[in-house]
């Protein structure tokens, strides 16, 4: 099987190692991966800020690049939710709407693709660590992906997965939300990070780099022991691919 990799802006700019991990894990399970170098943002920041015309231009660029792909995989539930649910709300050209129809049902978040498309309940691997999983809001609520990432984590030998209290509460990032409401955003991050501290975990794992940036920033500024880790990076390490 061949997939096209879509890299969210935060992964591209702040955690390129995660992109490499995604490619290595996909190749490990027998998937060919290509990466269209002309890709840019999916348009979600502009959409959330109310700039629909700018978002539509970015959406049309995305569709022109990816419409012919067998499948598109991204390490972000947030960006995938934008493509699946919100592209149809934009004022797109007739050509772009046709491309969107062709792409319908072929855009997946990374863990969703592994578990739901490839049917991988476990990849195996071994890595000794005590971790907690944070389900990103868009992945959980926007795409309905919940148990799949946990199954992948439980399948890693010697990994101790502990349940995070109130795991489904938001970390406080929310894109522009963190900028518009910084005090509330910080308070939400603190609540999540204090819970991580009480659990004594080494890592907080998530499938969205945006959440990990939010939590990692608070953990680092307050000298807390846990560190953020994208699930793609954890899988790659456990399989000896990192």
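Here are a few things to note about the model shown:
- Full-stretch length increase - residue 197, residue 224 - with 0.36 nm per residue and alpha-carbon distance subtracted: 9.0 nm
- Summarised in one figure, the compactness ratio Rg/Rh of the stretch 129-242, Cα atoms and Kirkwood Rh, is 0.95.
- Euclidean distance between Cα centres, the stretch 131-205 to the stretch 33-75, Å: 26 Å
- For the pair residue 106 and residue 166, the difference between a 0.36 nm per residue extended length and the Cα-Cα distance amounts to 18.4 nm.
- Expressed in Å, the radius of gyration and Dmax of the Cα atoms of the stretch 1-112 are 13.4, 41.
- Helix 52-66 vs. the chain, principal-axis angle (Cα, 0 to 90°, nearest 10): 90 degrees
- Relative contact order (percent, whole number), the chain, Cα cutoff 8 Å, 6+ residue spacing: 20 percent
- Residue-averaged 222 nm ellipticity for the chain, from DSSP H runs of 4+ at -39500 (n - 2.57), nearest 500: -12500 deg cm²/dmol
- When each of 213, 188, 1 is scored by the number of other beta-carbon atoms lying within 10 Å, the sequence from fewest to most is 1, 213, 188.
- Each of 2, 37, 24, 151 was scored by other Cβ atoms within 10 Å of its Cβ. Listed from fewest to most, they are 37, 2, 151, 24.
- Highest mean packing comes first when the peptides 125-136, 73-84 are listed by Cβ atoms within 10 Å, giving 73-84, 125-136.
- Crossing angle, helix 182-199 versus the chain [Cα axis fit, 0-90 degrees, rounded to tens]: 50 degrees
- The stretch between residue 40 and residue 146 holds 35.4 nm of extra length on full extension. This uses 0.36 nm per residue minus the Cα-Cα distance.
- Exposure proxy ranking, count of Cβ atoms within 10 Å, fewest first, for 110, 6: 6, 110
- Taking only the C-alpha atoms of the chain, the Rg (one decimal) and the largest Cα-Cα distance, Dmax (whole number), read 17.6, 53 Å.
Taken together, the values in this text are just the output of simple stated rules run on the coordinates, not laboratory data. If you're wondering where the values come from, they're calculated on a predicted model, not measured in any experiment. Here Cβ is always computed from backbone atoms with ideal geometry, including for glycine, and neighbour counts include all displayed protein chains.
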